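What follows is a single structure, written as structure tokens, with notes after it.
The values are calculated or read from the model by the stated rules, or taken from the named source; none is laboratory data. Remember, predicted model here, so these are calculated numbers, not experimental data. Note that each Cβ is placed from the backbone with ideal geometry, even for glycine, and that neighbours are counted across all protein chains shown. Just the protein is used for accessible areas: all its heavy atoms, side chains included, with ligands, DNA and RNA removed. Shrake-Rupley method; radii C 1.70, N 1.55, O 1.52, S 1.80 Å.
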Amino acid sequence: AGVSTESGIPDYRSPLGSYSKGHKPIQHDEFVFDQYQRSRYWARSLAGWRPFSLAVPNAGHVAIAELERKGVVSKVITQNVDSLHQAAGSKGVVNLHGRNDIVKCLSCSFSMHRKDFHDLLTPLNRE
């Protein structure tokens with residue numbers, strides 16, 4: 001746990017982590033059925049995306065990818081949503097909480113890279 005903190009990704013569940021500060025994840029039903037909660041999610045996402053967009057894999061990610069490459073491990077199971085395991089070269093990654101680098105429309109399934117989506121949202125949310 002905590003492999004991505006060395007890459008600048010804030011931890012979530014430690015005593016000083018986001019969850020301990022009162023930041024609770026949005027629930028699926030809230031996101032899908034509540035326009036206010038969905039808008040709030042994207043507003044917070046705009047503000048919080050920068051550490052994720054700048055992060056690069058660290059030695060821990062690279063070591064895990066090397067273990068996979070050598071056949072010592074066959075899968076990497078992670079709760080992290082930052083995709084740094086994939087960026088380090090891991091192929092068999094199981095993302096328990098999904099990924100935050102791709103945005104997909106729940107109505108039509110259109111998808112795009114998160115950075116591109118944020119580039120569209122930023123000028124619309126200058127306030």
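Going through Gly8, Gly92 one at a time, which residue ends up being of a type outside the set (Lys, Arg) and in contact with a Lys or Arg (Cβ under 7 Å, 6 or more places away or on another chain)?
Answer to the selection: Gly92.
Cβ-Cβ distance below 9 Å, separation of 6 or more or different chains: which pairs start in the stretch 17-41 with a residue that is among the β-branched types (Val, Ile, Thr) and end on one that is loosely packed, with under 13 Cβ neighbours inside 10 Å?
Here the result reads Ile26/Arg44; Val32/Leu106, each pair linking the stretch 17-41 to a residue that is loosely packed, with under 13 Cβ neighbours inside 10 Å.
Yes/no matrix, rows are residues, columns are (1) closer than 17 Å to Gly2 by Cα; (2) aromatic (Phe, Trp, Tyr); (3) in a helix (DSSP H, G or I):
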| position | (1), (2), (3) |
| --- | --- |
| Gly60 | yes, no, yes |
| Ala63 | yes, no, yes |
| Glu68 | no, no, yes |
| Val72 | no, no, no |
| Asn80 | yes, no, no |
| Ala87 | yes, no, yes |
| Arg99 | yes, no, no |
| Val103 | no, no, no |
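Hey, could you check the stretch 116-127 for residues that are closer than 27 Å to Phe33 by Cβ and either part of a strand (DSSP E or B) or open to solvent by 80 Å² or more (accessible area, probe 1.4 Å) (or both) and say which is modelled with the highest pLDDT?
Leu120
Is it the case that the stretch 85-102 has a residue that's in contact with a strand residue (DSSP E or B) (Cβ under 6 Å, 6 or more places away or on another chain), closer than 25 Å to Leu124 by Cα, free of Cβ contacts under 8 Å to residues at least 24 places away in the same chain and not aromatic (Phe, Trp, Tyr)?
yes
Take the stretch 1-18 and flag every residue that is at positive phi and at pLDDT 85 or above.
Gly8
Could you list, in sequence order, all residues of the stretch 37-59 that are within 12 Å of Ala87 (Cα to Cα) and open to solvent by less than 40 Å² (accessible area, probe 1.4 Å)?
Answer for the stretch 37-59, where residues must be within 12 Å of Ala87 (Cα to Cα) and open to solvent by less than 40 Å² (accessible area, probe 1.4 Å): Ala55, Asn58.
Output the residue which, of all residues in the stretch 19-56 that are assigned to a loop (DSSP other than H, G, I, E, B) and under 14 Å from the mean Cα position of the chain (by Cα), is modelled with the highest pLDDT.
Here is the first cut: in the stretch 19-56, the ones assigned to a loop (DSSP other than H, G, I, E, B) are 22-27, 34, 55-56.
The next check asks that each one be under 14 Å from the mean Cα position of the chain (by Cα); those that pass are 25-26, 55-56.
Values: Pro25: 83, Ile26: 87, Ala55: 93, Val56: 96.
Filtering first and then ranking leaves Val56.
Could you check the stretch 78-115 and list, in sequence order, the residues that are in contact with a helix residue (DSSP H, G or I) (Cβ under 9 Å, 6 or more places away or on another chain), of a type outside the set (D, E, K, R), surrounded by fewer than 17 Cβ atoms within 10 Å (Cβ to Cβ) and more than 19 Å from Trp49 (Cβ to Cβ)?
Hits for the stretch 78-115 are Gly89, Gly92, Leu106.
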